[in-house]
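As structure tokens, the structure follows; a few thoughts come after it.
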Amino acid sequence: MRQIDAYVDSVYQHIGGNRKEIQELKAEMKSHLLEAVHELRAEGMGEQEAVDVAIERFGGEQEMRSIVGQLFKAQKTFAKWVLYLALVVLLFTVSAFGYIWSLEEENASENSEIATQVAYVLENKSSITDEMKMKINSLIEMTDQIASVEIYDVSSVENTNMVFDYVRDAKPDYRFEQKVWNPEWLQADFFPYGNGDGKQWYIQMETRHIGDWLAIILFSGMAIYITLFTIWATINAYHHRRLNIGWIVVFALFNVLGYLVYYVVGRKKLKMRVKEA
């Protein structure tokens, strides 16, 4: 029926999107309208009256055009915001990972510098005086990641390879500790950092490390990003009428590279169809 065809065409006249999908939606709408017309005619209406009533019940042209347009717009908007959110998560993950990595590197450098300065205080000294203790304490207090320092006199250890065993069992000649910032959510670990002059003194510091956050941020952030990107790519593949489980796996495993493969394959198929036409 031409009037129904004209009505359906007018509803989808300015709707952007995948052509094949739009054609399927138009065919479905036409099928519903024809079914309604047949039911009305079975009730005794004439053909023209049945068509007019079916269209009126289905919705006015302007109203249906608005509804369909909003539907397509909502789908595109949703997909767009999923992609934006994925990119925001990726940017945050990379930034947070880089910040913590640089912080750990900075702390490691500072630990080495502090150990060197403590060794300088102890240089050529046979015992630790109160003045030396004050200097060592002030060096440690300058930091916020060194929880303690222990100093051992290892001059009696003949073999330098045995220093670690000696330090492990011996009581330090001097020990200083301070409370460092370490809330439970920080998930910090404390590891020893040792340095010696190879003659008399061995310096061991216990330092705070938050390296676990590197793994937490990297794996959780990338998992969220990959999930969101896969959802976006899947929505696009659905609109292109090319969605299947294979492409979903490709998107999930290979991310942007997988989507580029999908795009290139789609372009090649499109060119082949144009040539055949």
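The values are calculated or read from the model by the stated rules, or taken from the named source; none is laboratory data. All values derive from a computational prediction rather than experimental measurement. Glycine gets a Cβ as well: all are built from the backbone with ideal geometry, and neighbour counts include every protein chain shown. Just so you know, the surface numbers come from the protein's heavy atoms only, side chains and all, with ligands and any DNA or RNA stripped out. Shrake-Rupley method; radii C 1.70, N 1.55, O 1.52, S 1.80 Å.
Each label point was placed 7 Å from the Cα along the Cα-to-Cβ direction; for THR77 and GLU206 their separation is 5.7 nm. For segment 122-180, the solvent-accessible area of protein heavy atoms averages 66 Å² per residue (probe radius 1.4 Å; ligands and nucleic acids excluded). Extending 7 Å from Cα along the Cβ direction at THR116 and again at LYS199 yields two label points whose distance is 1.9 nm.
Assuming R0 = 45 Å, what is the FRET efficiency of GLU184 and HIS240, from their Cβ-Cβ distance, to the nearest 0.05? The formula returns an efficiency of 0.40 here.
What does the extension gain come out to for MET222 and SER126, with contour length at 0.36 nm per residue minus their alpha carbon separation? Can you show the working numbers first?
Details: separation 96, 0.36 × 96 = 34.56 nm, distance 5.43 nm.
Gain in length upon complete extension: 29.1 nm.
A crude spin-label estimate for the pair MET134 and ASN161, with each label 7 Å from Cα along the Cβ direction, gives 4.4 nm. Quick check for you: which residues of segment 154-186 have the amide N under 19 Å from the point 7 Å beyond the Cα of TYR99 toward its beta carbon? In segment 154-186, the label zone of TYR99 (backbone N under 19 Å from the point 7 Å along Cα→Cβ) covers 181-186.
Residues whose amide H lies under 5 Å from that of VAL180, counting only those 5 or more places away or on a different chain, are absent; hydrogens are built 1.01 Å from N in the peptide plane. Whole-Hz Karplus values for segment 101-107 come out as 4, 5, 5, 5, 5, 5, 5 Hz, taken residue by residue from phi with 6.51 cos²θ - 1.76 cosθ + 1.60 and θ = phi - 60°; glycine and proline positions read x.
What are the trypsin sites (Lys or Arg not before Pro) within segment 72-154 that DSSP puts in a loop, where the Cβ has at most 16 other Cβ atoms within 10 Å?
Numbers: sites: LYS73, LYS76, LYS80, LYS125, LYS133, LYS135; in loops: LYS125.
Answer by residue number: LYS125.
When a 1.4 Å probe is rolled over the protein heavy atoms, the share of accessible surface on segment 129-171 that falls to carbon and sulfur comes to 49 percent.
Taking all Cα pairs closer than 8 Å and separated by 6 or more residues, the relative contact order of segment 102-179 comes to 28 percent. Taking amide H positions as modeled 1.01 Å from N, with prolines and chain starts lacking one, the residues under 5 Å from THR207 and 5 or more places away or on another chain are ALA147, PHE191, TYR193. Each residue of segment 36-46 is assigned a 3J(HN,Hα), and the resulting list reads 5, 4, 4, 5, 5, 5, 5, 7, x, 6, x Hz, derived from the Karplus form 6.51 cos²θ - 1.76 cosθ + 1.60 (θ = phi - 60°), x at Gly and Pro. Using the Karplus relation 6.51 cos²θ - 1.76 cosθ + 1.60 with θ = phi - 60°, the per-residue 3J(HN,Hα) values for segment 223-232 come to 5, 5, 4, 4, 4, 5, 5, 5, 4, 4 Hz, with x marking Gly and Pro.
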